[in-house]
Structures are given as C-alpha cells and as structure tokens.
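The values are calculated or read from the model by the stated rules, or taken from the named source; none is laboratory data. What you see is a predicted model; the values in this text were computed from it and never measured. Virtual Cβ from ideal backbone geometry, glycine too; neighbours counted across all protein chains shown. Heavy atoms of the whole protein, side chains included, go into the accessibility calculation; ligands, DNA and RNA do not. Shrake-Rupley method; radii C 1.70, N 1.55, O 1.52, S 1.80 Å.
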Amino acid sequence: MNPRSYYSNTPALHYSVPPLGYFVSGKKMCVKAITIVAALFLVAPATAQARDVIHKGDVVVVPLRGEVASSLLAFLRRAVKAAEGNEASAIIFEMNTYGGRLDSAADIVNALNQTNIPTYTFINTNAGSAGAIIAIATQHIFMAPVSAIGAAAPILPTGEDLPATAKEKTISYWSALIRGSAIKNGHNPDIAEAFINKDKEVKIGDRVVHPRGAVLALNAQEATERINGKPLLAEGVVDSIADLTKKAGLKGNVVAIEPTGFEQMAFWLTALAPLLLLGGILGAYLEFKIPGATLPGIISAICFALFFFGHYVAGLAGWEVVALFVLGIVLVLIEILFFAHSTIVFGVVGVFLILASLLWTMIDRYPGQNFFPTGKMLAVPLLNLFIAIIGSLIVIALLARYLPRTSIYRRFALMDSNPPGPSLAGVPREFTTALALKPGMQGTAITVLRPSGKARFADHVVDVVTEGEFIAPQTPITVIQTDGMRVVVKNATHV
C-alpha cells in the first residue's frame, strides 16, 4: 500500500504533520540504510588493500593460477580495472594453468581485449587449453625455460570428447574467436587456431610448421623460434618476472595483486543479483507494511549490502553507486515524512536514483570507455533488474491481498498502532460479535489504522482492520466485511 494514501485520507482539521508512527518507521528505514553502508565497510577492507598499492607508472603482476573458472574472472576483472584506474604502465599475467571452463575463458578474453595498457603473459610452466586462449588475448608472451602452451581443443568436463555436431559447432566458434583475438594482439592467427583445431595446418612461407591431424602445443624453444625474422609466438625465454621486465624494457615498480578469499563469493553474489534485489525490495516493502517488525528491514539491508559488495569485489562497482543508492533512500524518506501531502518530486528523484544505482552497479565498464554504456553492456543488468522488479510486483500484490488477513501481521500492526497511554485508559473493549456489526455500519477511527487499530461504533470500541489502507484517527469509516471477531473497514469518504 502506498503510504501516500494515508495523507490523502487525512482531514485538514486533525493533522498538519504526519503522526509519530510515521517518523518512527522512517527512522527505522534510515537505520536500515545506514546498516547497508556499515555492512559494506565491515567486509571491504579485505579487498581494498589490493586497490590502494598501485601507483601511476607501476608494472602490475596478476597471477593466473589453477583452474580457469568464474572466480578467476572476478579476480582478473578487478585487477585489470585497478591497474587501468591507477594508470599502471603495464600488466603482466603470470600464468600456470592446465585450463578450465571455456565460457569463463571467453569472458576473460573479452576483458583482456578491452584493456588500454600493454599486456604481457609470463607462462611460468603451463598455459594449457583455456590458458592458451587467454595468453593469445595479451599483446606480448614470454615463457619460462621449461614451459608449454597449446592443446586447447574443447572436451566435456568428464574428459571425454564432444559429440560430433557439438564439437564442430564449438570448434568453429572458438576458431573464429581466437583468430580475431590473435590478430588484434599481433600474433599469428594460424598458430592460435591450430591450438584448438586439429584440422588446421600451419604454414609460414613454404615451411609447414604444423601438419593437420593433431592440436598444436609448443614448448618454450619452439614458441620462440624465429622464422623470417619473427618469433613463432613468444618473444623470448625468461627466468622470472624481473627478467621479463628487463628484457621487455619495463621501467616501473613491480606491484603484485593477489586474489582474495572473496573472489569466489563475488561470483555467486553477482550470479544471484536478481534474487538479492528481490529480497531487498520485498524487505523494504514489508518494513513499511509492518511498522512494528524489524526483521524485514534487516533482511533488506543484508540483501542490498551483499548485492553491492559482490559487485564491488567482482570489479563492477565502486563506492559511488552506494552513495547514489543511499541518497535515493534519503530522498524517498524525505518525501514520505515531510512532503507526501504536497509534492512527489523528492520521491520520484529518489526512486530514479535507487534504480540507476542498481543498474549502474551491474554494468561491466572499464576505465577509458564512454560514459554511456552500449546495448551489449546493458543487456544483462537490464534483464536482472527487470526480473527483480517484476518478481517484486507479483509478490507484493500477493502480500497486499493476503498479508493483512494473517494473525502475525495484525499482531505487529496493533503493537505499533496502539501504544499504551492516557488517551485510551479506561476505554472499554468489547468483542465485535457482541455489537452485531454488519456491512454498511458507520463508525469513527480512534487510532491510526495501519491497517489494524481501534474504532468506535456508537458507544463501543472494537478492534478493526483495513484491506491495507492507512486511515487517520477521527476519520469516518464503514464496515465492509465481518468474519467472526474480525471486522474489515474502509474510509467512508471512499465508499
């Protein structure tokens, strides 16, 4: 129920300002907004350290070890944005992986191909399968004396070969992707394609470097062999990162960024973004709907905090979106508490800022890109926000219809609407059945009906409930339904 309906039902003779209950509820919502920021500050220090150590001109070393998976993507994306945002002179990816998920590799390749600073791969032992695809997406490749790259043919997670049709489609797609990546970064596209397609023959001039019939894999000596004055793939053999920076002519201080324990969590939190938004919206709705309950507000704060934290760790969002979100909440509260009877400007602007911050949080934008996102960048964020909003509207509609009829809801509403005090002292309470109330009978609200409270019919005070409408004290009401001891009423001016 929109809180605005309360004020539209309030006669000017009785109230010039909102009742105390609204200020109490508003303060609770302010506390929930502060809780969001506090929760983020509690969990952020583990990731903030890596962002603060990079200075302009530094050479950033990013380890790519273990399985290529979504958690590695979250870490790499954060590291790339940190390096670009702090104007590092180069990024070196120290690689030791046997491969992993192709979908994660595709996202990593996309991230690397968007970087605006020089990228290097130091293959420290292995760049197998998906690792080879990632290495091709960097501009310079160096290899340790005992290392290998290649053998990127797609297989099932069980290690078995793909079915014929699926294999043909997968190889065709990835051949095109890896060739484009190789061309962009100055590598031989035939070498790159031969990593994934066993039917690809590689010829340089009249020399057959690799015959068809098997996927290509190269050791350090083979990859650095010079043919017609150019290396086959890698620019040189190096023993360490220090050796690489010396041979590549990189002058800046070397700074390493290490993955945090939150990277895997960030993947799950970003994947669950629609559910977190749904929980946050529903919690905020129930906080207003059941003013005496604090659990919905706490749940809402936790959901929004996890939403922003997950995208922060994943390198998708910064603190500016949190500030925008909190500002939106403050404007909505100002609208409800002070201007609900006169204007909607604060509320509209607040809702716009909240939605904008949620959408902005999910956009994968890199430093140097245009401020306005492309359609491709907006596709997933818009889908997530659409799912959350539509899901919330459906659940809220069901709650608005059935929640007021539950005993839990009535208990909380009565606790908040009927504080003990001299104004109700000595007022007799009678069961509605003793009054024989029927639909159409007229009465007057004694307390705020939000939606439960007390009303007077003739000389009798009874407990009543609305269908979700907020009704001010001293407002004429009409009985629209009775069910045992339960009396449902409505504002008489709307009947």
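Every residue, every condition in (1) at pLDDT below 90; (2) of a type in the set (S, T, N, Q), yes or no:
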| residue | (1), (2) |
| --- | --- |
| GLU168 | yes, no |
| ILE171 | yes, no |
| SER181 | no, yes |
| GLY186 | no, no |
| ASP190 | no, no |
| PHE195 | no, no |
| VAL202 | no, no |
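In the set ASN185, ASN228, which member is polar (S, T, N, Q) and within 30 Å of GLY57 (Cβ to Cβ)? Can you show your working first?
Numbers: ASN228 fails: within 30 Å of GLY57 (Cβ to Cβ).
The conditions single out ASN185.
Under the condition of being crowded, with 24+ Cβ neighbours inside 10 Å and hydrophobic (A, V, I, L, M, F, W, C), which residue from region 69-84 is nearest to the chain's Cα centre (by Cα)?
ALA74
Which one is nearest to PHE288 (Cα to Cα) among residues in region 483-495 that are open to solvent by less than 60 Å² (accessible area, probe 1.4 Å) and either assigned to a loop (DSSP other than H, G, I, E, B) or among the polar types (S, T, N, Q) (or both)?
Keep residues of region 483-495 that are open to solvent by less than 60 Å² (accessible area, probe 1.4 Å), which gives 484, 486-489, 491-492.
Right, trim to either assigned to a loop (DSSP other than H, G, I, E, B) or among the polar types (S, T, N, Q) (or both) and you get 484, 491.
On the way: GLY484: 28, ASN491: 20 Å.
Result: ASN491.
So how many residues does region 192-250 have that are farther than 21 Å from ILE133 by Cβ, part of a helix (DSSP H, G or I) and of a type in the set (D, E, K, R)?
Selection size over region 192-250: 3.
Restricting the search to region 201-238, which residues are loosely packed, with under 12 Cβ neighbours inside 10 Å and of a type in the set (Gly, Ala, Ser)?
Once the filter is applied, which keeps residues that are loosely packed, with under 12 Cβ neighbours inside 10 Å and of a type in the set (Gly, Ala, Ser), region 201-238 yields GLY205, GLY213, GLY229.
Name the single residue that is modelled with the highest pLDDT among those in region 466-477 being open to solvent by less than 10 Å² (accessible area, probe 1.4 Å) and in a strand (DSSP E or B).
Here the residue is ILE477.
Please determine, by comparing only the residues of region 161-186 that are among the hydroxyl-bearing types (Ser, Thr, Tyr) and open to solvent by less than 70 Å² (accessible area, probe 1.4 Å), which one is nearest to THR115 (Cα to Cα). Don't jump to the end; show me each part of the working.
At the first step, the residues of region 161-186 found to be among the hydroxyl-bearing types (Ser, Thr, Tyr) are 165, 170, 172-173, 175, 181.
Keeping just the survivors that are open to solvent by less than 70 Å² (accessible area, probe 1.4 Å) gives 170, 175, 181.
Numbers: THR170: 26, SER175: 22, SER181: 13 Å.
This residue is SER181.
Could you identify the single residue in GLU94, GLU87 that is within 21 Å of PRO259 (Cα to Cα), part of a loop (DSSP other than H, G, I, E, B) and open to solvent by 10 Å² or more (accessible area, probe 1.4 Å)?
On the way: GLU94 fails: part of a loop (DSSP other than H, G, I, E, B).
Among GLU94, GLU87, only GLU87 is within 21 Å of PRO259 (Cα to Cα), part of a loop (DSSP other than H, G, I, E, B) and open to solvent by 10 Å² or more (accessible area, probe 1.4 Å).
So, of the residues in region 266-293 that are surrounded by 20 or more Cβ atoms within 10 Å (Cβ to Cβ) and either touching a strand residue (DSSP E or B) at 6+ places or on another chain (Cβ under 7 Å) or not in a helix (DSSP H, G or I) (or both), which turns out to be modelled with the highest pLDDT?
This residue is ILE290.
Report yes if ASP463 is charged (D, E, K, R), open to solvent by 70 Å² or more (accessible area, probe 1.4 Å) and modelled with pLDDT of 75 or more, otherwise no. Break it down stepwise before answering.
Details: charged (D, E, K, R): yes; open to solvent by 70 Å² or more (accessible area, probe 1.4 Å): no; modelled with pLDDT of 75 or more: yes.
For ASP463, the condition - charged (D, E, K, R), open to solvent by 70 Å² or more (accessible area, probe 1.4 Å) and modelled with pLDDT of 75 or more - is not met.
Can you tell me which residue within region 97-113, out of those that are of a type in the set (Ser, Thr, Tyr) and modelled with pLDDT of 85 or more, is surrounded by the most Cβ atoms within 10 Å (Cβ to Cβ)?
Among them, the one singled out is THR97.
Tell me which residues, restricted to region 114-146, are open to solvent by 10 Å² or more (accessible area, probe 1.4 Å), of a type in the set (Ser, Thr, Tyr) and outside any strand (DSSP E or B).
THR115, SER129 - these are the residues of region 114-146 that are open to solvent by 10 Å² or more (accessible area, probe 1.4 Å), of a type in the set (Ser, Thr, Tyr) and outside any strand (DSSP E or B).
Identify the residue in region 424-453 that is surrounded by 17 or more Cβ atoms within 10 Å (Cβ to Cβ) and out of contact with any Lys or Arg (no Cβ under 8 Å at 6 or more places or on another chain) and, among all such residues, is modelled with the highest pLDDT. Before the answer, list the steps.
From region 424-453, those surrounded by 17 or more Cβ atoms within 10 Å (Cβ to Cβ) are 432, 435, 437, 441, 443, 445-453; that's our starting set.
Now narrow it down to the ones that are out of contact with any Lys or Arg (no Cβ under 8 Å at 6 or more places or on another chain): 435, 437, 441, 448-451, 453.
Working: LEU435: 63, LEU437: 82, MET441: 90, VAL448: 80, LEU449: 82, ARG450: 70, PRO451: 74, GLY453: 82.
The selected residue is MET441.
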